[in-house]
């Protein structure tokens, strides 16, 4: 399994997880017969077509086709990767994810560090309400136009100036103080330990799962730095995290565009006016890790910078970081604000609709790239255009090969007055053959077995001639039956999840919700399954009768060899041979 997690643990995890309870914490479900329904969270619809089955531990949308297990739901809905989704479910049901296998050592347990940050965040929120100096922080936030609701939504707090809050409340023992030190929440100053954040408005920084992993603090009085972030810790790496991403994902089930700004207050001030698709870097330039994170989150990024020289320099750094991942699939644009304005002041002056209008008019990456380069040279002279080409070539070479790379190269050539580079002719893709409304017999059997693992019991007394079929997918069908035999109580979700890191996972997922399954009455499922196996076996027998007696006979699938007389092939190899064929 992905992340080197034993499949037996995934089985146990899915067995203990009630997918109805899990999905019900994210969207509102209503009972519909033995299943539950809702409007699909993955596409817009007026009539509910999203179904969750407690028996199969599986969800499926008949509108957009989204489907999967509890793990898949968290990956899709909360935008987690596989390991993060497993961790989330394990924490929910009280299991400990195995940290070590034969292929890797156990990782450190960072659970206490996450818990410590949550405790610190709660203390800071408390101080904003009850500390005498917290009134100054509240007055500052009100002066910036923030309401109590938005401040509470982002968990804002206050760190007193005496520097003893966390030490006194969370550092009673030496081990607790060492933990505070490893989190960067306290530090040593000439042999004396003090809270790192003092006399500051506190902004908790959350990861994609909503866990507090660090803090940013805005100084209320005089001094420097005005903004201070947590240092690098085992759970906080500012070059990988984006402030406000968790809140943006919660406020927008689908993030069509994400605006990247420079500060915490920009994020919160825009949210105050209903622009909730906003994140901020944590005092660093945009990194490749930021862009990878955003690429999994949204199809469009708009970077927002001041229109002055410093803002354009910061935008250029963001562009350089974006080029190695720029393929044209994700739109990357740049919004430059008028002189003297920041997102907060501009929003108050123009309103949310005008600000969103500016976002739609933001400058595409390609235009910003060539505009900046052209401004550095005299494009009216040969020498200037040559210099332009020299500057542009390494930047374009950083872009991955493909259509977007070629279009940038053509634009560079046009601006420099150079001939276009010859292109290899693009082969026209063949139009795929339309799939039949009902899949092949093998695919039917696989789909029925995935949807009803209990059908494996029907095979015990049935003829096994089907196992000798050379049809693609027979080896997979045999492996599915072996898995069910070893785990008789496995659910549909658990059976599908076993294939997540294997070659045909996506196709098996599609088969598990094949449309033809909906037309089979519950009392006819077993007959359909045995009927499919029987017809496959009859085809095998017909073919064998037509062969000369001297021709070797196919051995039963799943027994470890392909044909009598051939060299022995492990079962994995037999299954792998289906990779070049469709399973329909």
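Out of (1) surrounded by fewer than 20 Cβ atoms within 10 Å (Cβ to Cβ); (2) modelled with pLDDT of 95 or more, what's the single condition that is false for residue 148?
(2)
Might you check whether a residue that is surrounded by fewer than 20 Cβ atoms within 10 Å (Cβ to Cβ) and either in contact with a helix residue (DSSP H, G or I) (Cβ under 8 Å, 6 or more places away or on another chain) or touching a residue at least 60 places away in the same chain (Cβ under 8 Å) (or both) occurs anywhere in segment 309-316? Working first, answer last.
First, the residues of segment 309-316 that are surrounded by fewer than 20 Cβ atoms within 10 Å (Cβ to Cβ): 309-314, 316.
Remaining after also requiring either in contact with a helix residue (DSSP H, G or I) (Cβ under 8 Å, 6 or more places away or on another chain) or touching a residue at least 60 places away in the same chain (Cβ under 8 Å) (or both): 312, 316.
Yes, that holds for at least one residue.
Can you pull out the residues in segment 448-491 that are more than 25 Å from residue 537 (Cβ to Cβ) and in a helix (DSSP H, G or I)?
none
Of everything in segment 85-103 that's under 20 Å from residue 296 (Cα atoms) and in contact with a helix residue (DSSP H, G or I) (Cβ under 8 Å, 6 or more places away or on another chain), which residue is modelled with the lowest pLDDT?
Filtering first and then ranking leaves 88.
Please go through segment 328-361 and pick out each residue that is in a loop (DSSP other than H, G, I, E, B), exposed (fewer than 15 other Cβ atoms within 10 Å of the Cβ) and within 29 Å of the chain's Cα centre (by Cα).
Result: 329, 361.
In the set 155, 171, which member is crowded, with 18+ Cβ neighbours inside 10 Å and modelled with pLDDT of 95 or more? Reasoning before the result, please.
Details: 171 fails: modelled with pLDDT of 95 or more.
Answer to the selection: 155.
Residue-by-condition table, conditions (1) in contact with a helix residue (DSSP H, G or I) (Cβ under 6 Å, 6 or more places away or on another chain); (2) modelled with pLDDT under 85:
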{"position": "403", "(1), (2)": "no, no"}
{"position": "412", "(1), (2)": "yes, no"}
{"position": "423", "(1), (2)": "no, yes"}
{"position": "433", "(1), (2)": "no, yes"}
{"position": "441", "(1), (2)": "yes, no"}
{"position": "460", "(1), (2)": "no, yes"}
{"position": "481", "(1), (2)": "yes, no"}
{"position": "485", "(1), (2)": "no, no"}
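I need a count of the residues in segment 62-79 that are part of a loop (DSSP other than H, G, I, E, B) and surrounded by fewer than 21 Cβ atoms within 10 Å (Cβ to Cβ).
Start the filter on segment 62-79 by keeping residues that are part of a loop (DSSP other than H, G, I, E, B), which leaves 62-66, 69, 78-79.
Those left that are additionally surrounded by fewer than 21 Cβ atoms within 10 Å (Cβ to Cβ): 62-66, 78-79.
Total meeting the criteria: 7.
Which one is nearest to the chain's Cα centre (by Cα), of the residues in segment 284-323 that are modelled with pLDDT of 90 or more, over 23 Å from residue 402 (Cβ atoms) and not in a helix (DSSP H, G or I)?
In this case the residue turns out to be 304.
Identify all residues within segment 164-179 that are out of contact with any helix residue (DSSP H, G or I) (no Cβ under 7 Å at 6 or more places or on another chain) and under 16 Å from residue 235 (Cα atoms); write none if there are none.
178
Could you check, for segment 250-257, whether at least one of its residues is more than 29 Å from residue 73 (Cα to Cα) and not in a strand (DSSP E or B)?
No, that holds for no residue.
Could you please find all residues in segment 266-281 being crowded, with 23+ Cβ neighbours inside 10 Å and farther than 16 Å from residue 352 by Cβ?
279, 280
Restricting attention to segment 46-61, report how many residues are surrounded by fewer than 16 Cβ atoms within 10 Å (Cβ to Cβ) and farther than 12 Å from residue 492 by Cβ. Working first, answer last.
The initial filter retains those residues of segment 46-61 that are surrounded by fewer than 16 Cβ atoms within 10 Å (Cβ to Cβ), namely 46-47, 54-55.
From what is left, the residues that are farther than 12 Å from residue 492 by Cβ are 46-47.
Adding up the residues that qualify gives 2.
Residue under question is residue 517, and the condition is that it be in contact with a helix residue (DSSP H, G or I) (Cβ under 6 Å, 6 or more places away or on another chain) and at pLDDT 85 or above; does it hold?
Numbers: in contact with a helix residue (DSSP H, G or I) (Cβ under 6 Å, 6 or more places away or on another chain): yes; at pLDDT 85 or above: no.
It is false that residue 517 is in contact with a helix residue (DSSP H, G or I) (Cβ under 6 Å, 6 or more places away or on another chain) and at pLDDT 85 or above.
Kindly indicate whether any position in segment 180-197 is at pLDDT below 95, in contact with a helix residue (DSSP H, G or I) (Cβ under 9 Å, 6 or more places away or on another chain), part of a loop (DSSP other than H, G, I, E, B) and farther than 19 Å from residue 228 by Cβ.
no
Which condition breaks for residue 242 when tested against (1) over 14 Å from residue 137 (Cβ atoms); (2) touching a helix residue (DSSP H, G or I) at 6+ places or on another chain (Cβ under 7 Å); (3) in the same structural domain as residue 121 (by TED's automatic domain parsing)?
(3)
Could you please find all residues in segment 493-522 being surrounded by fewer than 21 Cβ atoms within 10 Å (Cβ to Cβ) and within 13 Å of residue 455 (Cβ to Cβ)?
517, 520, 522
Which condition number in (1) at pLDDT below 95; (2) under 21 Å from residue 287 (Cα atoms); (3) outside any loop (DSSP other than H, G, I, E, B) is the one that residue 238 fails?
(3)
Taking segment 180-205, which residues are loosely packed, with under 15 Cβ neighbours inside 10 Å and more than 21 Å from residue 232 (Cβ to Cβ)?
190, 191, 192
The values are calculated or read from the model by the stated rules, or taken from the named source; none is laboratory data. Predicted, not measured: the structure shown is a model, and the values here were computed from it. Methodologically, a virtual Cβ is constructed for each residue, glycine included, from the backbone with ideal geometry; neighbour enumeration extends over all protein chains shown.
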